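Encoded as structure tokens, the structure appears first; notes follow it.
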Amino acid sequence: MGTKIIIIDDHQLFREGVKRILDFEHSFEVVAEGDDGSEVVNLFELHQPDVIIMDINMPNINGIEATQQLIAKHPQAKVIILSIHDDENYVTHALKTGATGYLLKEMDADALINAVKVVADGGSYLHPKVTHNLVKEFRRLSIQEGESSVQTISRVEIRRPLHLLTRRECEVLQLLADGKSNRAIGDALYISEKTVKNHVSNILQKMNVNDRTQAVVVAIKNGWVEVK
């Protein structure tokens, strides 16, 4: 069975563009569309989608409020928030209300398709540009709460996990923590984007995590990467 998707965005042209991208993936089916967060609960109950892609800014009920209402009634719902904001406050607020994905509207087609696949499979997906900001916020809050292990990270030499990852995978992990996309990592290391994807997959498998955000958080906790 394919992945059923609902798109909710008040800008029709943008919504149509997202639908065209999703239509290229044969396993995806856009089953419904809406233009306001007030529609999300009814559309979910009517179509039972695997993933909802929803704009954060809408005139009546915004994406954050709509996500909160939906998750309260249907905790199993999986929501990807679309936003122009890369500030960590927006991201953390979206995640706290129950969203499992956060994409910037400057995303490319591959990022959108990958995000839907990851979230549909039960993982979480953050646009690479916001990952670094979120990790910095996580680190700040951890230090505020007095976690000595995190405080120590800022004072000691970074300990590369060479017992677990290859040197190249360590380099990729650091660039993930820097918030780089796969394409930017490839450019920095002079390797192809396909090779980067293979390295990321190996890193996730070796670290026993579901997605790149979890990998970065674990790396920060263990002092394996530098947060700049």
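Quick one: which residue in Lys129, Lys117, Lys136 is open to solvent by 30 Å² or more (accessible area, probe 1.4 Å), in contact with an Asp or Glu (Cβ under 6 Å, 6 or more places away or on another chain) and either in a helix (DSSP H, G or I) or modelled with pLDDT of 85 or more (or both)?
Exactly one of Lys129, Lys117, Lys136 is open to solvent by 30 Å² or more (accessible area, probe 1.4 Å), in contact with an Asp or Glu (Cβ under 6 Å, 6 or more places away or on another chain) and either in a helix (DSSP H, G or I) or modelled with pLDDT of 85 or more (or both), namely Lys129.
Take the conditions small (Gly, Ala, Ser) and open to solvent by 10 Å² or more (accessible area, probe 1.4 Å) and apply them to Gly63. Does it pass?
In short, no.
For (1) in a strand (DSSP E or B); (2) modelled with pLDDT of 95 or more, each residue gets a yes or a no:
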{"site": "Leu13", "(1), (2)": "no, no"}
{"site": "Val31", "(1), (2)": "yes, yes"}
{"site": "Glu45", "(1), (2)": "no, yes"}
{"site": "Asn57", "(1), (2)": "no, no"}
{"site": "Asp86", "(1), (2)": "no, no"}
{"site": "Thr92", "(1), (2)": "no, no"}
{"site": "Tyr102", "(1), (2)": "yes, no"}
{"site": "Glu106", "(1), (2)": "no, no"}
{"site": "Leu112", "(1), (2)": "no, no"}
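Under 6 Å between Cβ atoms, at least 6 apart or on separate chains: pull out the pairs that start in the range 166-181 with a residue that is in a loop (DSSP other than H, G, I, E, B) and end on any residue that is open to solvent by less than 10 Å² (accessible area, probe 1.4 Å).
Sorted first by the residue in the range 166-181, then by its partner, the pairs are Gly179/Thr131.
Within the set of pairs 6+ apart or on separate chains, which have a first residue in the range 13-24 that is touching a residue at least 40 places away in the same chain (Cβ under 8 Å), a second that is part of a loop (DSSP other than H, G, I, E, B) and of a type outside the set (A, V, I, L, M, F, W, C), and C-beta atoms under 8 Å apart?
Correct list of pairs: Phe14/Lys105; Val18/Asp9.
So which pairs qualify, if the first residue must be in the range 72-93 and hydroxyl-bearing (Ser, Thr, Tyr), the second must be assigned to a strand (DSSP E or B), the Cβ gap must be under 7 Å, and the two must be at least 6 apart or on different chains?
Close Cβ pairs satisfying both conditions: Ser83/Tyr102; Ser83/Leu104; Tyr90/Ser83.
The values are calculated or read from the model by the stated rules, or taken from the named source; none is laboratory data. Everything quoted here is computed from the prediction, not taken from an experiment. Virtual Cβ from ideal backbone geometry, glycine too; neighbours counted across all protein chains shown. We work out accessible area using only protein heavy atoms, side chains counted, and drop any ligands, DNA or RNA first. Shrake-Rupley method; radii C 1.70, N 1.55, O 1.52, S 1.80 Å.
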